[in-house]
Amino acid sequence: MILKKIKISNFRNYEKLSLEFHDGINIIYGNNGQGKTNLLESIYVLALTKSHRSFIDQHLIQKGKESATIKGTLLKNDFPKELEVVIKKTTKAFQIDKNKIKKSSDYISNMNIIIFYPEDLEIIKGSPAIRRRYLNTELSQIYSHYINILSDYNKLLKFRNDYLKKISRNEPIDSVYFEILNQYFIDKAILIYKMRKKFVEKLNQYCTDIFYDLSGLSNFLIHYHSFMEFDDDSIDDMKLKMKEKLTENFSTEKKLGTTLTGPHRDDLEFYLNDINLKNYGSQGQQRMAVLALKLSEVQMIIKKTEETPILLLDDVFSELDQQKKNNLLKYIQGNIQTIITTTDLDQVDPSIVDESKLIKISHGNVESVEEVKKHGRK
């Protein structure tokens, strides 16, 4: 999978930009505050319809403008595909090959990307909500129907919480409706559990070895801390267990007016030699954990789609020593298109610079472009 070209208008500090990318490594460089990260963000939005940096779409629109547009030409399975995302102050619109796409769930998964940026350390250090958001985003890329299941679950969760609040206020309720609501809620919860569990199991098939390659440290493992322990139960047994748990928690939920059991309470834990990296890991180990996580996703997407995702690395080299840079480089020196940002080309190995398309950004404009020296490819 290759992003051949991107066109941006009124996005962040870019009034208008048209840029072609090299099939291999692209290095976007320039001083801080010039728009390097904004350019990567536009690629992320083109793929996933939302930003990894802002929850408010309106913040993506250039000040004084009514809308922002991102268009991209993608080469997928050797066929070109035109993608477009238009962001307005209250709405978003999507197109594939000039055909309007009504639902984001039908758009997402057409373009697979993996991004690493400094704030990704929050996947380790931050709240469980951040890790659930990570799970939801990545699963949506790999399984297009996941986003629909999650949307249904969230609606059912809201209905259930609203009903619990009514019960807590001693308002009359329809007990038959509440029982049906519980059954639908359980069905969606089990589906999400199974998909998340499978996702983490597949991550663990790759991340232990990748973590070792990056850091030289063994026994890295990701643990899916689910809302319930199901072991190897059948789906019917899972549903029965969850129903029993909801019954057990009902009196407490009635007092609190909220649902205490379900995948909205899930979490991930990251261990190195049985040490929880959130509580006891160094920042360097946490950074390696996130890199291993993201590079494991690359392998998963290749296995699932038989296409390489696009890898975005935002200022990653400034935080790594030379040995870890070299260890990381072996993962990006292949057939995977990689777009790197840096403030200083000296932070990148000269052999990589020679193999890369160099794009200098200044004040939201392309100041210069230098094509690949080593092979002369575009």
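Among the candidates 43, 27, 8, the residue that is β-branched (Val, Ile, Thr) and either touching a helix residue (DSSP H, G or I) at 6+ places or on another chain (Cβ under 6 Å) or part of a loop (DSSP other than H, G, I, E, B) (or both) is uniquely 8.
When the residues of the stretch 150-206 are filtered to those that are under 20 Å from residue 134 (Cβ atoms) and of a type in the set (Gly, Ala, Ser), which remaining residue is modelled with the highest pLDDT? Here the answer is 189. Across the stretch 50-79, the number of residues qualifying as within 14 Å of residue 3 (Cβ to Cβ) and in contact with a strand residue (DSSP E or B) (Cβ under 6 Å, 6 or more places away or on another chain) comes to 6. If you scan the stretch 132-162, which residues turn out to be open to solvent by 30 Å² or more (accessible area, probe 1.4 Å) and more than 15 Å from the chain's Cα centre (by Cα)? Selection gives 145, 148, 151, 152, 154, 155, 158, 159, 162.
Report yes if residue 4 is surrounded by fewer than 21 Cβ atoms within 10 Å (Cβ to Cβ) and under 23 Å from residue 369 (Cβ atoms), otherwise no. Answer is yes for this residue. Residue pairs whose Cβ atoms lie under 7 Å apart, sitting 6 or more positions apart in sequence or on different chains, and linking a residue in the stretch 255-267 that is open to solvent by 10 Å² or more (accessible area, probe 1.4 Å) to a partner that is in a strand (DSSP E or B), are 267/225.
The values are calculated or read from the model by the stated rules, or taken from the named source; none is laboratory data. It should be emphasised that the depicted structure is a prediction, and the values quoted were computed from it without experimental measurement. Cβ atoms come from the backbone with ideal geometry, glycine included; neighbour counts cover every protein chain shown. Quick note on the areas: whole protein, heavy atoms, side chains included, nothing else; ligands and nucleic acids left out. Shrake-Rupley method; radii C 1.70, N 1.55, O 1.52, S 1.80 Å.
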